[in-house]
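Everything below concerns the one structure shown next.
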Amino acid sequence: MLKGVYSTTGGGLNLACDDAVGRAEVDGVACTLHGRLYEPRRLATELELDPGTEPAAMLASAYRRYGEGLPAKLRGRFAVAIWDEAAGRGALACDPLCAQPLFFCRGAGCLVFAGELQALLSMLPATPGPDPEGFLAWLGGWTVPAERTLYEGVHRLAPGQLLSLRGEVSVREHWRPRYEGTLRGSRKELARGLADRVDRAVARRISASASGVVLSGGLDSSIVTASAQRASPPGSTLKTYSAIFPGEEFDEAWKVRSLTTAIGVDAQLFELEPQGSLWLNLFHLKRWGQPLGGSGALLDMTMVEAAARDGVEVVLDGQTGDEVFGCSPWLVADRLARGRLLAALELTRRWPGMRTNARERRYILEHWGLKGLLPYRLHRMRHERKDPNLLAPGWLRAELRAPYAELEDRWAWKRTARGPRWWRYLADVLVLAPHRELRLDYLRNRAAGAGVSGESPLYDFDLIEYSLRLPPQLAFDAAFSRPLVRESMRGRIPDEVRLDGRKAIFSPFCFDMLTGADAPGIEGLILDRKAELGAYADLDLVERLWSGERPDRRAGLGTASWGTVVWRLAAAESWLRTLADSGFAERMMESPAAPRPAVKPVCV
């Protein structure tokens, strides 16, 4: 792992890395690399180096030529430290998407940095408290600003950023998405190009010996499975790992069996008891210093652990597929802005996966069309005039509702880039949203905690770049969501899977867990009158939420929204208690109130 200290008072760069990193020095430029480059031979050819040159040595040479513009030219998942001793300058950077992160904290005359949050915290004299903005935004159900964390004073590089080391430390931008128009070609050609990008993204990440896929049965994980089967080298193994729920409406075992039988992949199926999410949250806290974002993590964390027991080296998943293959609804506003009313109306009739009626089409025109036309400054003016009590969660303490409302900015995508509205929104969702949700941290740590490497091939620079250039109208189809990628998978995925537009909702299972086996531990956390959470939430309202506002299991989305809030409160309280008492998580893991997950293999 990459970690160390940079002195801003002339002491230079001091690294304390393990043996898993690569090191090289070329013409006085020292480079330390953690992770890997996806196309080192291309870089070697560009630099006129021997293709067998070690990646760290390539980067040291490339820094001489490209300086701080180097990271934008690279593909991979890595963090790198470069130092030119003679010039007294250097840089700390990640891959352009920051799939391999870098956390840092500024101190008196120094900068402390590390590739994982827990490693950084261990280098500090004391564990910081909650970040006033980052934690409040996360607790309220919004997202953590892309450059912040839950810890006060601890920051992270956002996609396209690096730390420039030239005496003082400054955050600089080396890349950002830029609108370059849309691709030309027939629908068939563009679909084929999309499939090619997916194949390439998967092939970059698959193991040469043993790979696994967390296969939910949904479209995105099915796409990754099919591409992984095509990319698997001779002699390697590929298995899928799926949680199934016999007798439940959301069970997708039939999709798993249909896909894996059709393409000849070994499927491993498991039944889960509705228990163990709280225990996994405590394990995650102890190991990584961050709470789990949702109780549904039980479903895939247990699958990753099963893959690790099978000797799998790399676990793939279909995360971020909804965004990469999905639509940008603000295309309606762009059509209206250009006076194309009929074209805007046509989009409302082809709303993804919906046969809209007149009322729904009118709502789409008003919300995604007319509201989308407003400039950002008008949105902020309207936002500032609203009552904070209507914008913040009702259970939040009264004095924190205004600060929380100030943090909420659902229109920020309008001011962070140039281009059509549809493109600005999509660029924000594809590149930044997974960081704001802490989703990438969870996926990476989920795998590392089980002793394997975790990869999300759909969060890929070239795939995202291609998706951002697809004509946006191709994503609109009343029959299906993500129609173009479904078309691109014709002949690869069985039609009963490829053309099934239903999406499994696992909230009833999570509801049973939160109100059943895990309920005693959750109650002990959020109903404690001395809860640390009391600094942020009105505990009387939290009790009312738990005891008096619990929906019926059949409430559908009401069950999901209630469960999301309850989980967030319980996860927040466990994190806050861990800050106050470092041994809390370990002790509670031994308590009957936090039962372990219960998993049973199923014969295919």
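Within the range 340-374, how many residues turn out to be modelled with pLDDT of 95 or more, in a loop (DSSP other than H, G, I, E, B), surrounded by fewer than 13 Cβ atoms within 10 Å (Cβ to Cβ) and within 31 Å of the chain's Cα centre (by Cα)?
0
Only one residue in A72, A24, A93 is surrounded by 15 or more Cβ atoms within 10 Å (Cβ to Cβ), in contact (Cβ under 8 Å) with a residue 12 or more places away in the chain and assigned to a helix (DSSP H, G or I). Which one?
Residue meeting the stated conditions: A72.
Can you tell me which residue among D317, D322 is surrounded by fewer than 20 Cβ atoms within 10 Å (Cβ to Cβ) and under 27 Å from the mean Cα position of the chain (by Cα)?
Unique residue meeting the criteria: D322.
Taking the range 27-52, which residues are buried (at least 19 other Cβ atoms within 10 Å of the Cβ) and either free of Cβ contacts under 8 Å to residues at least 24 places away in the same chain or among the basic types (K, R) (or both)? Walk me through how you get there before you give the answer.
First pass over the range 27-52, keeping only residues buried (at least 19 other Cβ atoms within 10 Å of the Cβ): 29-35, 37-38, 40, 43-44.
P40, A44 - these are the residues of the range 27-52 that are buried (at least 19 other Cβ atoms within 10 Å of the Cβ) and either free of Cβ contacts under 8 Å to residues at least 24 places away in the same chain or among the basic types (K, R) (or both).
Name the single residue that is nearest to R502 (Cα to Cα) among those in the range 210-233 being among the hydrophobic types (A, V, I, L, M, F, W, C) and buried (at least 22 other Cβ atoms within 10 Å of the Cβ).
Of the range 210-233, the ones among the hydrophobic types (A, V, I, L, M, F, W, C) are 210, 213-215, 219, 223-224, 226, 228, 231.
Subset that is buried (at least 22 other Cβ atoms within 10 Å of the Cβ): 213-215, 219, 223-224, 226, 228.
On the way: V213: 21, V214: 19, L215: 16, L219: 10, I223: 16, V224: 18, A226: 19, A228: 24 Å.
Restricting to residues being among the hydrophobic types (A, V, I, L, M, F, W, C) and buried (at least 22 other Cβ atoms within 10 Å of the Cβ), the top hit is L219.
In the list V80, V26, which residue meets the criterion of being hydrophobic (A, V, I, L, M, F, W, C) and modelled with pLDDT of 95 or more?
V80
When you scan the range 501-510, do you find a residue that is aliphatic (A, V, I, L, M), part of a helix (DSSP H, G or I) and touching a residue at least 24 places away in the same chain (Cβ under 8 Å), even just one?
Checking the range 501-510: not a single residue is aliphatic (A, V, I, L, M), part of a helix (DSSP H, G or I) and touching a residue at least 24 places away in the same chain (Cβ under 8 Å).
Of the residues E152, E189, which is among the acidic types (D, E) and either in contact with a Pro (Cβ under 6 Å, 6 or more places away or on another chain) or not assigned by TED's automatic domain parsing to the domain that holds S232 (or both)?
So the residue among E152, E189 that is among the acidic types (D, E) and either in contact with a Pro (Cβ under 6 Å, 6 or more places away or on another chain) or not assigned by TED's automatic domain parsing to the domain that holds S232 (or both) is E152.
Hand me the list of helices (runs of 4 or more DSSP H) wholly inside the range 245-331 holding 2 or more residues that are outside the structural domain of L120 (by TED's automatic domain parsing) and of a type in the set (G, A, S). Before you say what the answer is, go through the steps one by one.
Working: elements: 253-263, 277-288, 297-309, 321-324.
It comes to 253-263, 297-309.
Determine which single condition L458 fails, assuming it passes every other condition in (1) part of a helix (DSSP H, G or I); (2) at pLDDT 95 or above.
Every listed condition holds for L458 apart from (1).
The values are calculated or read from the model by the stated rules, or taken from the named source; none is laboratory data. Model, not experiment: these values are computed from the prediction. As a convention, Cβ positions derive from the backbone with ideal geometry for all residues, glycine included, and neighbour counts pool all protein chains shown.
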